[in-house]
Every structure is written in C-alpha cells, then in structure tokens.
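See below for the structure under consideration.
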Amino acid sequence: MKAMVLNGICSLKENRKPLEMVELPDPVPGDGEILVKVLACGVCHTELDEIEGRTPPPKFPVVLGHQVVGRVERMGSKTGKFQIGDRVGIGWIYSACGLCKPCIKGNENLCENFKATGRDADGGYAEYTVVSEEFAYKIPDIFSDSEAAPLLCAGAIGYRSLRLTSIKDGQNLGLTGFGASAHLVIKMARYQYPSSKVFVFARSEEERNFAKELGAVWAGDTEEEPPEKLDCIIDTTPVWKPIAEALRNLERGGRLVINAIRKEEVDKESLLHLDYSTHLWLEKEIKSVANVTRRDVSEFLDLAAKIPIRPEFQEFPLEEANKALLELKGRKIRGAKVLRIGF
Ligand SMILES: [Zn+2]
Ligand SMILES: [Zn+2]
C-alpha cells in the first residue's frame, strides 16, 4: 500500500517535507482486529507535535493520522461488530488496557498504557490501516467521508473539552484559538446551551469573522478584553500567552480548560507576567484535557448527526500531506484539512 511515513523527529522550519511517500506491505488484521481501507484522514495539529518531537512516536517509520474514515475491508478472527463494507471511523484512542485504575473508573483516556492512533500504532495517512473493532465506530450516514474525519478528533476532543468546562446554559463561554476544534465546539455549544453567549479570541481577522458567522457574540484578538467576564474558556492554542489572557478574562470561580497535547516553548515567558490577584485569585480553576475515551467519540458522533454539525473542510491528496501540514503550521486555517485517499 501507499503510505506517507515519518522517519524521525525534525523541525518543520528546516524540513519542509517531513513525510515521505513509500510502499509498505498491506497490514494484516489480527484477533479482534479489522482491516480498514482508508477513504479520508483528517490532518491535526497533533501531527505537528509528533513531527517536531513534543509528543514523539516511540518508533520509526510511523504512519501518522488519527481521524480516519474508511470501509471495513477484511476482518480478523474473533470479530463480529461490523460487516465487510461498513463505513467506520478511528480516533486518537487506539487502545487502552482496560485493567488499570483509570480504565476501571471509565477514564480510559488516562490509561497507563494508552496507545494513540498514528503515534503508538500506524494511522490513516495510508491506503489501509488496522485497528481493534472495539476502537472503531460506525459513521452516521448523513456525513460524507471528509465531513466525518475532523469529527473524530477535533470534534470528539472538543466535546470532551466542553464537557469538562461544566458549563450550564446561560453561562458565558470563551474560546481562545479558533481552529478545527473550536469551530465545532461553537456549534455544539449553541445547540446544547442555547442561552449561553460565546466569545472568541483569535489572532487573524479571517478567523474572527468566521467565528461571528458561526454565532459568536464577540470576537477579538488574543489581548483584547471582552465586554463581559467569562464563566469558562477553552484554550486550543499551541502557546502560552493566551493562557494568561484567558485567566484574566475569567469570571470569579471560572474554569479554564486547556485542550492542547503540548505547548510550544516560544512565548513561555508570558507566564512570568501572571499576577496572582488578576489571573488566579477568586477560585479560578485550570484543567487540561488529555486524549479521548470511546464514549466521547461515539456520543459526539451521535450529537453531531443530530445537530447536525457539518465541518468545513479542505481536501488534499495523500501525496500532498506535507503541504497540508505546513499550511496548518502557518495557521492557514479555514475549517479542517482532510487527506482524500484511495477513492
Ligand atoms: Zn487530533
Ligand atoms: Zn488502562
């Protein structure tokens, strides 16, 4: 099969083609696993973190990609959840042990042996991939392949982030950063919490206008002060300055949820300007989001079909994965980037 592989950690500033197109043997499904013919795979900021070593894959070469939509092509033994030809999705959670303390409590996202698709196991930047059927989801028919792909990561983790804010209808929600995840969160928030006002912080004018089109009552630059304090804020930026700004804008007792797998070091000194009374006092909370559970992915797919949420997307052929990644790095974002494969 054709696959775009990462052969090692590198800097995207120096290496503009971090992924290489190669021919690999087709993967073979083992016990409980299905072989999936990939149709579409979303391009996520986490791939940049993997390439640049902030969340490094344990072995190389590796096939990246954890927002995979495809059809069941073959089944290993001890399977039965799907039929050949079913359209399925695979998200960031590739497997969890099911036995450790977090797993037993239903927090498989915190599993000590959590394995991520496209990092700890080969993912969807390829014509085929293999996964345990227990970690694959039926894709609702109303979505096209490219619409469904971004739902599997940006959507599912956005759903988890929104859940972790503990927002109640009528409370003010802030979103700092307005990429693929946030543009899905605003749609969920407007459906689930119709009386809540959404405030968006984004660096580019284009993103701010897009936020208003999607129903934000206010959109400003990261440093701007919104007209009202915010009960909860979800941060999806890769940097630190928005964290300090968000804490300043929180209502007393408010919660900041950080949805980022790693933060870049470039502006870490912004944290030195944290002032206890302005940024932290009055019981402000900070919580990070780690990974997703299967429950997040499947509940979110159902919710997305009901609303319905149809992500804006931009398609690239598999061989242009490097281009899609560089555009993401350069923050040329309007909707989600999706690789279209094998159709
Ligand atoms: Zn992702
Ligand atoms: Zn576990």
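What follows is calculated from the coordinates using simple rules that are stated; it is not laboratory data. Computed from a predicted structure; not experimentally measured. Neighbour counts are summed over all protein chains in view; Cβ atoms, including those assigned to glycine, are modelled from backbone coordinates with ideal geometry.
General remarks:
- Note, ³J(HN,Hα) from phi for segment 316-329, Karplus 6.51, -1.76, 1.60, rounded to Hz, x at Gly and Pro: 10, x, 3, 5, 9, 4, 4, 4, 4, 5, 5, 5, 5, 4
- Euclidean distance between Cα centres, segment 209-227 to segment 79-152, Å: 34
- Stokes-Einstein diffusion coefficient of segment 1-64, Kirkwood radius over Cα pairs, 37 °C, 0.692 mPa s, in µm²/s: 249
- Qualifying chymotrypsin sites (Phe, Trp or Tyr not before Pro) for segment 142-223 [loop in DSSP, other Cβ within 10 Å: at most 15]: none
- Contour excess over end-to-end distance, with Cα ends at Glu265 and Glu319 and 0.36 nm allotted per residue: 16.4 nm
- Here the dipole of segment 207-343 is about 440 debye; that uses its Cα centre as origin and unit charges on the Cβ of Lys and Arg (positive) and Asp and Glu (negative).
- The slack in the chain from Ile307 to Asn7, taken as 0.36 nm per residue of separation less the alpha-carbon distance, amounts to 104.0 nm.
- Contact order normalised by residue count of the chain, Cα under 8 Å, 6+ apart, percent: 19
- The convex hull around the C-alpha trace of segment 1-107, projected and averaged over every direction, spans 8.2 square nanometres.
- Expressed as a fraction of 2.2 N^0.38 Å, the C-alpha radius of gyration for the chain is 0.97.
- Projecting label points 7 angstrom from Cα along Cα→Cβ for Glu285 and Lys229 puts them 1.6 nm apart.
- The label-point distance for Ser204 and Leu272, in a model that sets each label 7 Å from Cα toward Cβ, rounds to 3.1 nm.
- Calculated on C-alpha atoms, the gyration radius of segment 26-173 divided by its Kirkwood radius gives an Rg/Rh of 0.98.
- A simple count of charges around Gln171, restricted to other residues whose Cβ falls under 13 Å of its Cβ and scoring Lys, Arg +1 and Asp, Glu -1, yields +1.
- Computed FRET value (nearest 0.05) for Asp169 with Leu326, which takes r as the C-beta separation and R₀ as 56 Å: 0.90
- Given Lys138/Lys197; Lys37/Lys105; Lys138/Lys337; Lys2/Lys115; Lys212/Lys263; Lys115/Lys138, the pairs whose alpha carbons are separated by over 30 Å: Lys138/Lys197; Lys37/Lys105
- Evaluated at q = 0.11, 0.13, 0.15 Å⁻¹, a Debye calculation over the C-alpha positions of segment 99-212 (equal weights, vacuum) places log10 I(q)/I(0) at -0.50, -0.69, -0.88.
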